[in-house]
Structures are given as C-alpha cells and as structure tokens.
Amino acid sequence: MKTQVGIIGAGPAGLLLGRILQAHGIDAVVVERRSRDYVLKRIRAGVLEQGTVDTLRKYGVAERLDREGLPHADMKLFWKGERHSIPMTGEGGRRMTTYGQNKIVEDLVLRREADGLPLIFDAEVKAIENVTDRPVIHYDHNGEAQTLECDFVAGCDGFWGVSRKHMPDADAHSFEKVFPFSWFGLLAEAKTSTETRGFCHSERGLAVSSSRGPDVSRLYLQVPPDFDMASMSDDQIWDELSLRLANQYGKTLNRGPIIDKAVVRLRGFICEKMVHGRLALAGDACHTVPPSGAKGLNLAVGDVRLLSEAIVSLLQENDDSKLARYPDLALQRIWPTVHWSCTMSDVFHIFPGQTAFDTRRQYEVLNFWAYDETGQRVFRENMLGRPLPQY
Ligand code: FAD
Ligand code: PHB
C-alpha cells in the first residue's frame, strides 16, 4: 500500500492529524495496534483547554462536544479543611471544558469512517525503514506482515510506541522524572456535585473529583506505585474518596456503581529529538506529563496543529523550513506545560518520607494560588494553557 502520510497510532494526536491533513487534501493512512473496540472504550483525559475546543470546532468534529461538554466557571482546591474556588475565565472568555477523551476519539473515528478514509485497527507497527528518504512502515495485520510506503511518517503512537526508537540518539535527547506514586482512575455512575469537584491535598494522599456529565463522576486517588486494583473493594474506594475529599469539608460524596478502573504511573518525560528525515513525533510519543495538570491531550493537539502545518508546506510546496522549526516551536509550549504538571504533582501528593515541614511548604503554595492575586493569576493562566506559538 502507498500513501502520502503514514500515521502511526489512533489516539487523539494521530486521528486529529489525519483530519487536518484531509482538510488540506493530503492522503493519510492511520495504523493502530489495538482493536477498534479497545480504542473507543479507553477512558483517559477529560479537561480541555479553549485551544483544543477551538481546534476541534475548526475541523468540524465538535458537534457533540458543543452539546455535551461542561464548561468550568471555576476550579476548587481543597486542603487542610479549607476549600477555595479560583475563577477560571481568562481573557476573551477563554475557559476549560470537561469532555471525555474517549468521546473525542469516537467523534474522530466515526468521522473518518463516514468519510471512507483508511484507518486500520489491530495493526501493530514493528519498524519504519528508510526514514531519511522514502519511508516504509512495516506492520502486522491479521497475522500477516504488511508494508505501507509513504512520503512522510507521523509517529503518534504514545509513550510506549515504536516511532521514538527510530530517532537517532533519542535517549541522549530525553529527560525524565518518574514520580514515586500512581493514580487510581475511576469512572462511576454517580451524580456529580460542584461542591466536591476539584483537586484535593490530603494527608492520606491526593484526590481529584471531576465529571463526565451530571450523572457520571470521574475520580482519582493517589496510590502506591505498585498498587493492585483488586486490593480495594468498591466500598473501600468510596470510603477512601470520602475521607480525602468530603468528610472534613462537611460534604457527602454521591456513590454509585464504578464502571471503569485503571492505574497509571506518574511521569514527566520529554524527548527533544522530534524530527529525523521524513519522520516526526507528536503527542505522548515525544512527551508525557503527570495527569495532575490535565495537559497531555491538550499538548498533543498543539503539536498536531504545528506538525500538520509543517507537513502541508513540505508536501505541497516542497518547503521543509517549518518542519525544521517544528521541535523548537513545540518545545516552547511543551517545557512550561510539563513543568506546570510536575508542579501540580509536587504540591498535591504526599511523597514517601514527606515531613511536616514539606507539607507546610505545600500549604504555602496552595495559600499563594488561593489567596494572592498574583498566585490566582499564575494558577488560572497555567490551567487555561499557553498560547500556541506561530511559525
Ligand atoms: P495515545 O492516546 O497514547 O495514542 C497512541 C496510540 O498509538 C494508541 O492508540 C496506541 O495503541 C497506538 N500505538 C502504540 N504503539 C503502536 C504501534 N507499535 N503500532 C500502532 N499503533 C501503536 N490529558 C489532558 O489534556 N487532560 C486531562 O484531563 C488528562 N487526564 C488524564 C488522565 C489519565 C488517567 C491519563 C492516563 C492521561 C490523562 N491525560 C490528560 C493525558 C492524555 O490522555 C494523553 O496525553 C493523550 O492520550 C495523548 O494522546 P496521543 O494520541 O499522543 O497518545
Ligand atoms: C479528568 O477529568 O479526567 C481529569 C481532571 C483533572 C486532572 C486530570 C484528569 O488533573
């Protein structure tokens, strides 16, 4: 098979890239390791920056988002029995919206399928050959080895993907911090309440309460790095959430059946080598943020906007100058955003061996964000997200 752009990975980065290239008349094939069912059901992110919402609107895949997305007027911080709300509307009405990543992925998949464009599930990419000239993607599909010849390859295959391995000296250009804890993510059929929604610092560990609609709660608990999900019953999970998020604030959590559980290790990671010949990386393939900033999907969308512009220039005008600038430009947004996500992790989690002194220092940061005008601005601007640099 042949195409102009081979896209590895049908996560938000790969699917959106396919959609933007389509709008510019560029052919692409998306190759995805997992099954269609798995990809559509994978529950992950949910907090969207205005730039992400605007991008999905611009490319005609925001009809359901506009109907079901929940805009945030504020963000609540909880700590030491204090509960503080930080107004979240930025300049020009910029705000954050809650809408599940699984729905974004579904919207993009259904659109691609309705347009009759190639999207191959159950197809694991094993290698990319000839990256500096005319790349060939090698993948397995239905037990058979297949090839896809391309003018360009976009590695949108996430942190564990294969594309980054084709960047020369990737390790020498990579920076990583693995945090000594994980998040236990839960989706529950339980009524949400603005009273208990927000980020919570507790001496028992972080808790986050978010939503996916009026009747669906999205919750997270800090757990040990090697946490076994089977070690807690649903009642124990609700008890722990109540201890961290509700009881000391005089509130009650609405309980309900837990319909999805997953554990994710927290890490910050950046690979600055994002382009080599005719291969470029975007999204989690070249950076990962701890979810405490709710930024990974938003960063992926920013990368794809910049990369798509570079690919269009390369393939339609034979101009590779934007591609050469893509990493520097994207990193201008990636580094501060990774830094912010790590700061959120530093402030809200209880670290192994943490002393009362360390906890007081965390309270000081929370005091600054909640009660100081400059602190509120710092918190709001970081949560609302950085503007996308322009070529
Ligand atoms: P992925 O979504 O990882 O997609 C990569 C795709 O490539 C996958 O489908 C994978 O199966 C496929 N693939 C991998 N290897 C191969 C191969 N060899 N061949 C073919 N296909 C392959 N971000 C936010 O912005 N806001 C949030 O609120 C937020 N909350 C989060 C909460 C949790 C618990 C987690 C885990 C993440 C959260 N994130 C959040 C981060 C966000 O989910 C990721 O940053 C986002 O999924 C990145 O998209 P991507 O397309 O780059 O990578
Ligand atoms: C979510 O709604 O899934 C969510 C909220 C806050 C985070 C991460 C994810 O930090």
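Counting only residues that are open to solvent by 50 Å² or more (accessible area, probe 1.4 Å) and either in contact with a helix residue (DSSP H, G or I) (Cβ under 7 Å, 6 or more places away or on another chain) or closer than 30 Å to D319 by Cβ (or both), how many does the range 151-202 have?
So the answer is 6.
Can you say whether F152 is within 16 Å of ligand 2 (Cβ to nearest atom) and either in a strand (DSSP E or B) or of a type in the set (G, A, S) (or both), as far as the supplied structure shows?
Details: within 16 Å of ligand 2 (Cβ to nearest atom): no; either in a strand (DSSP E or B) or of a type in the set (G, A, S) (or both): yes.
So F152 fails the test.
Quick one: count up the residues across the range 86-103 that are open to solvent by 50 Å² or more (accessible area, probe 1.4 Å) and more than 16 Å from ligand 1 (Cβ to nearest atom).
Total meeting the criteria: 4.
Which numbered condition in (1) away from ligand 2 (no atom under 15 Å from the Cβ); (2) farther than 15 Å from V347 by Cβ is the only one that S202 fails?
The one condition S202 does not meet is (2).
Counting only residues that are assigned to a loop (DSSP other than H, G, I, E, B) and over 21 Å from the mean Cα position of the chain (by Cα), which one in the range 155-169 is nearest to G296 (Cα to Cα)?
So the first thing to find is which residues in the range 155-169 are assigned to a loop (DSSP other than H, G, I, E, B), and the list is 156-162, 167-169.
Adding the requirement that they be over 21 Å from the mean Cα position of the chain (by Cα) leaves 167-169.
Numbers: M167: 21, P168: 24, D169: 24 Å.
By that ranking, first place goes to M167.
Looking at the range 132-150, which of the residues that are closer than 22 Å to A310 by Cβ and in contact with a Lys or Arg (Cβ under 6 Å, 6 or more places away or on another chain) is most open to solvent (accessible area, probe 1.4 Å)?
Quick first cut of the range 132-150, residues closer than 22 Å to A310 by Cβ only: 132-137, 148-150.
Next cut, in contact with a Lys or Arg (Cβ under 6 Å, 6 or more places away or on another chain) only: 135, 149.
On the way: P135: 1, E149: 67 Å².
That would be E149.
Please enumerate the residues belonging to the range 233-279 that are small (G, A, S), open to solvent by 50 Å² or more (accessible area, probe 1.4 Å) and within 26 Å of W79 (Cβ to Cβ).
First pass over the range 233-279, keeping only residues small (G, A, S): 233, 242, 246, 250, 256, 262, 268, 277.
Still in the running and open to solvent by 50 Å² or more (accessible area, probe 1.4 Å): 233, 250.
If the condition is that a residue be small (G, A, S), open to solvent by 50 Å² or more (accessible area, probe 1.4 Å) and within 26 Å of W79 (Cβ to Cβ), then G250 is the only one that fits.
Restricting to the range 42-85, count the residues that are open to solvent by less than 40 Å² (accessible area, probe 1.4 Å), touching a strand residue (DSSP E or B) at 6+ places or on another chain (Cβ under 7 Å) and of a type in the set (A, V, I, L, M, F, W, C).
Qualifying residue count for the region: 8.
Taking interchain pairs and intrachain pairs at least six residues apart, which have beta carbon atoms under 7 angstrom, with the first residue in the range 333-361 and closer than 19 Å to L245 by Cα and within 16 Å of ligand 2 (Cβ to nearest atom) and the second in a helix (DSSP H, G or I) and open to solvent by 40 Å² or more (accessible area, probe 1.4 Å)?
Filtered contacts from the range 333-361: V347/V365.
For the range 1-79, please list each of the strands (runs of 3 or more DSSP E) lying entirely inside it that holds at least 1 residues being away from ligand 2 (no atom under 14 Å from the Cβ) and not aliphatic (A, V, I, L, M). Don't jump to the end; show me each part of the working.
Values: elements: 2-8, 28-31, 74-79.
Filter on the range 1-79 gives 2-8, 74-79.
When you scan the range 299-391 for helices (runs of 4 or more DSSP H) that lie fully inside it, which ones turn up with 1 or more residues that are farther than 24 Å from F159 by Cβ and in contact with a Pro (Cβ under 9 Å, 6 or more places away or on another chain)? Please lay out each step first, then the result.
Details: elements: 321-348, 356-371, 373-384.
Output list reads 373-384.
Report, ordered by the first and then the second residue, all pairs with beta carbons closer than 6 Å, sequence separation of six or more or different chains, a first member in the range 282-300 that is farther than 23 Å from H173 by Cβ, and a second member that is open to solvent by 10 Å² or more (accessible area, probe 1.4 Å) and of a type in the set (A, V, I, L, M, F, W, C).
A294/V47; L297/A45
Kindly indicate the residue of the range 80-96 that is more than 16 Å from ligand 2 (Cβ to nearest atom), touching a residue at least 60 places away in the same chain (Cβ under 8 Å) and not in a strand (DSSP E or B) and also nearest to F348 (Cα to Cα) among those meeting that condition.
Here is the first cut: in the range 80-96, the ones more than 16 Å from ligand 2 (Cβ to nearest atom) are 80-84, 87, 89-94.
Right, trim to touching a residue at least 60 places away in the same chain (Cβ under 8 Å) and you get 80-84, 87, 90, 94.
Keeping just the survivors that are not in a strand (DSSP E or B) gives 80-81, 90, 94.
Values: K80: 12, G81: 14, G90: 24, R94: 25 Å.
Taking the candidates together, the pick is K80.
Condition first: within 9 Å of ligand 1 (Cβ to nearest atom), of a type in the set (D, E, K, R) and over 16 Å from Q101 (Cβ atoms). Now tell me which residues in the range 9-54 satisfy that.
R33
Among the candidates G293, G302, single out the residue that is within 9 Å of ligand 1 (Cβ to nearest atom) and buried (at least 23 other Cβ atoms within 10 Å of the Cβ).
Values: G302 fails: within 9 Å of ligand 1 (Cβ to nearest atom).
So the residue among G293, G302 that is within 9 Å of ligand 1 (Cβ to nearest atom) and buried (at least 23 other Cβ atoms within 10 Å of the Cβ) is G293.
Check every one of the strands (runs of 3 or more DSSP E) wholly within the range 186-298 and list those with 3 or more residues that are among the aliphatic types (A, V, I, L, M), at negative phi and within 18 Å of the chain's Cα centre (by Cα).
Details: elements: 198-201, 207-213, 216-223, 258-271, 279-281.
Counting at least 3 such residues, we get 258-271.
Return the pairs, sorted by first residue and then second, in which the second residue is open to solvent by less than 80 Å² (accessible area, probe 1.4 Å) and small (G, A, S), the first residue lies in the range 116-132 and is more than 15 Å from L15 (Cβ to Cβ), the beta carbons are less than 6 Å apart, and the residues are 6+ apart or on different chains.
Between residues of the range 116-132 that are more than 15 Å from L15 (Cβ to Cβ) and residues that are open to solvent by less than 80 Å² (accessible area, probe 1.4 Å) and small (G, A, S), the close pairs are D122/S35; V131/G277; T132/G277.
Determine, yes or no, whether A123 is more than 16 Å from ligand 2 (Cβ to nearest atom), closer than 24 Å to V5 by Cβ, open to solvent by less than 10 Å² (accessible area, probe 1.4 Å) and not charged (D, E, K, R). Show your work before the answer.
On the way: more than 16 Å from ligand 2 (Cβ to nearest atom): yes; closer than 24 Å to V5 by Cβ: yes; open to solvent by less than 10 Å² (accessible area, probe 1.4 Å): yes; not charged (D, E, K, R): yes.
In short, yes.
Could you identify the single residue in A123, A145, A154, A127 that is among the aliphatic types (A, V, I, L, M) and away from ligand 1 (no atom under 13 Å from the Cβ)? Full working, then the answer.
Values: A123 fails: away from ligand 1 (no atom under 13 Å from the Cβ); A154 fails: away from ligand 1 (no atom under 13 Å from the Cβ); A127 fails: away from ligand 1 (no atom under 13 Å from the Cβ).
Of the residues listed, the single one that is among the aliphatic types (A, V, I, L, M) and away from ligand 1 (no atom under 13 Å from the Cβ) is A145.
The values are calculated or read from the model by the stated rules, or taken from the named source; none is laboratory data. Treat the numbers as computed from the prediction; the structure is a model and nothing was measured. Don't worry about glycine lacking a Cβ; one is built from the backbone with ideal geometry, like all the others, and counts go over all protein chains shown. Accessible surface is based on the protein model in full, side chains and every heavy atom, while ligands, DNA and RNA are left aside. Shrake-Rupley method; radii C 1.70, N 1.55, O 1.52, S 1.80 Å.
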